[in-house]
């Protein structure tokens, strides 16, 4: 047994320190069922235990990889045999909800869905929402600055974090558990931990902002014949719904076709329209909001913006429509799929998608290029399925990321960089920006122990 492993066991106990064959009993991630590889898996129950663990690892120069819900898409939480995993799965308490102040204090291992349900029980809303809500954790949402379907109205995770507690590489606890919307007293240090993928510190506790729970919800799935109609409808809905539009999800035809193929979802409308949009508005007056929503859809029909629509009449019907957008496992099953998450100006999207498809077809003529996403906030997701043995992920990367540079886009809208996108960081970040990132890493983690080799290569 190595010295660092023995020191961890002596300080934290066998209950916290999982090692040996037990490590391989855990799946690598949600996306990869292969056995986990790591020197050990630490499962602390408190910030104090995280601090103790990191202090020991720092003393022995032991690299540490942080894990939350294991739903990340960029290999950021995948460990090697020489690394120690620190999982926050046991730190899953909702410590308190302040209904008057509109805040919740939670530990980092709380799942997004658990927080949503706890807030809803008090007629409050935690506005972050994404398809992995049942598995992803608040700590992971902070570390990746998660987005999802409600960014249009409520912003990214960064906009929902008021304060946090984190442990630095040497075990120092940085506690900045602010509960106010306004606090301009010096540097806002919590921002260093949001979206930095656990490379500067491990978030253990978070204070998040809650909103009043909407009392009305109106949704529709609509079909459109052009991207110009998609953007025009978005502008109209943003204006005429008076700030209540919370989601506007676009699906290119290829996505809808794949989602409703054999083994997938039932198609609620024709499958041959060029574009589909799932939109949702939430307000405070059920009768008035429903009447306005229906009137705006009718106006859009009369203006020729939409050519078909399905309006759910029950919560189960609404959820079934959302499943079409959120549950895409059937289209991935049995196929090699390269997943992408990018952002770019809305006005550039059609030209960008056309160029990506051209590049993909040149490489793999039989490939499927499936496009969908949170278009209203500039975020697109792509599933590239080469449909050929031995296809190289790097070739797909070049086809998807290359065209972003001149369009001033980003190789990561919400998933982060991890290890998968390191080589492409320069597409959307300048040398000066990357140099500043490295300087921050060197200042807070000079031994390069926290999630080393993520975002950029360790030195």
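The values are calculated or read from the model by the stated rules, or taken from the named source; none is laboratory data. Treat the numbers as computed from the prediction; the structure is a model and nothing was measured. Glycine gets a Cβ as well: all are built from the backbone with ideal geometry, and neighbour counts include every protein chain shown.
Values as computed for the structure displayed
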| read-out | value |
| --- | --- |
| Output for segment 96-128, where each listed residue is touching a strand residue (DSSP E or B) at 6+ places or on another chain (Cβ under 8 Å), touching a residue at least 12 places away in the same chain (Cβ under 8 Å) and over 17 Å from residue 142 (Cα atoms) | 97, 98, 99, 102, 118, 119, 122, 123, 124, 125 |
| Among residues of segment 53-82, those that are farther than 26 Å from residue 134 by Cβ, touching a residue at least 60 places away in the same chain (Cβ under 8 Å) and out of contact with any helix residue (DSSP H, G or I) (no Cβ under 8 Å at 6 or more places or on another chain), counted | 4 |
| Residues satisfying the stated conditions in segment 276-316, i.e. more than 22 Å from residue 215 (Cα to Cα) and touching a strand residue (DSSP E or B) at 6+ places or on another chain (Cβ under 8 Å) | 276, 277, 300, 301, 305, 306, 307, 308, 309 |
| Residue in segment 340-363 that is out of contact with any strand residue (DSSP E or B) (no Cβ under 8 Å at 6 or more places or on another chain) and within 28 Å of residue 79 (Cβ to Cβ) present | no |
| Those residues of segment 298-316 which are closer than 17 Å to residue 228 by Cα and in a helix (DSSP H, G or I), in sequence order | 299, 300, 301, 302 |
| Output for segment 318-333, where each listed residue is part of a helix (DSSP H, G or I) and touching a residue at least 12 places away in the same chain (Cβ under 8 Å) | 318, 320, 321, 322, 323, 324, 325, 326, 330, 331, 332 |
| Test result for residue 336, more than 19 Å from the chain's Cα centre (by Cα), modelled with pLDDT of 95 or more and either closer than 27 Å to residue 426 by Cβ or assigned to a loop (DSSP other than H, G, I, E, B) (or both) | no |
| Test: residue 230 is outside any strand (DSSP E or B), assigned by TED's automatic domain parsing to the domain that holds residue 284 and crowded, with 20+ Cβ neighbours inside 10 Å | yes |
| Candidate set from segment 294-317 (those that are within 30 Å of residue 134 (Cα to Cα) and in contact (Cβ under 8 Å) with a residue 12 or more places away in the chain); member that is surrounded by the fewest Cβ atoms within 10 Å (Cβ to Cβ) | 311 |
| Residues located in segment 334-369, provided they are touching a helix residue (DSSP H, G or I) at 6+ places or on another chain (Cβ under 7 Å) and under 25 Å from residue 263 (Cβ atoms) | 338, 340, 360, 367, 368, 369 |
| Verdict on residue 242 being surrounded by fewer than 17 Cβ atoms within 10 Å (Cβ to Cβ), at pLDDT below 95 and either under 29 Å from residue 111 (Cβ atoms) or in contact with a strand residue (DSSP E or B) (Cβ under 9 Å, 6 or more places away or on another chain) (or both) | yes |
| Selection from segment 267-293 of residues that are within 25 Å of residue 326 (Cα to Cα) and without any contact (Cβ under 8 Å) to a residue 24 or more places away in the chain | 267, 271, 272 |
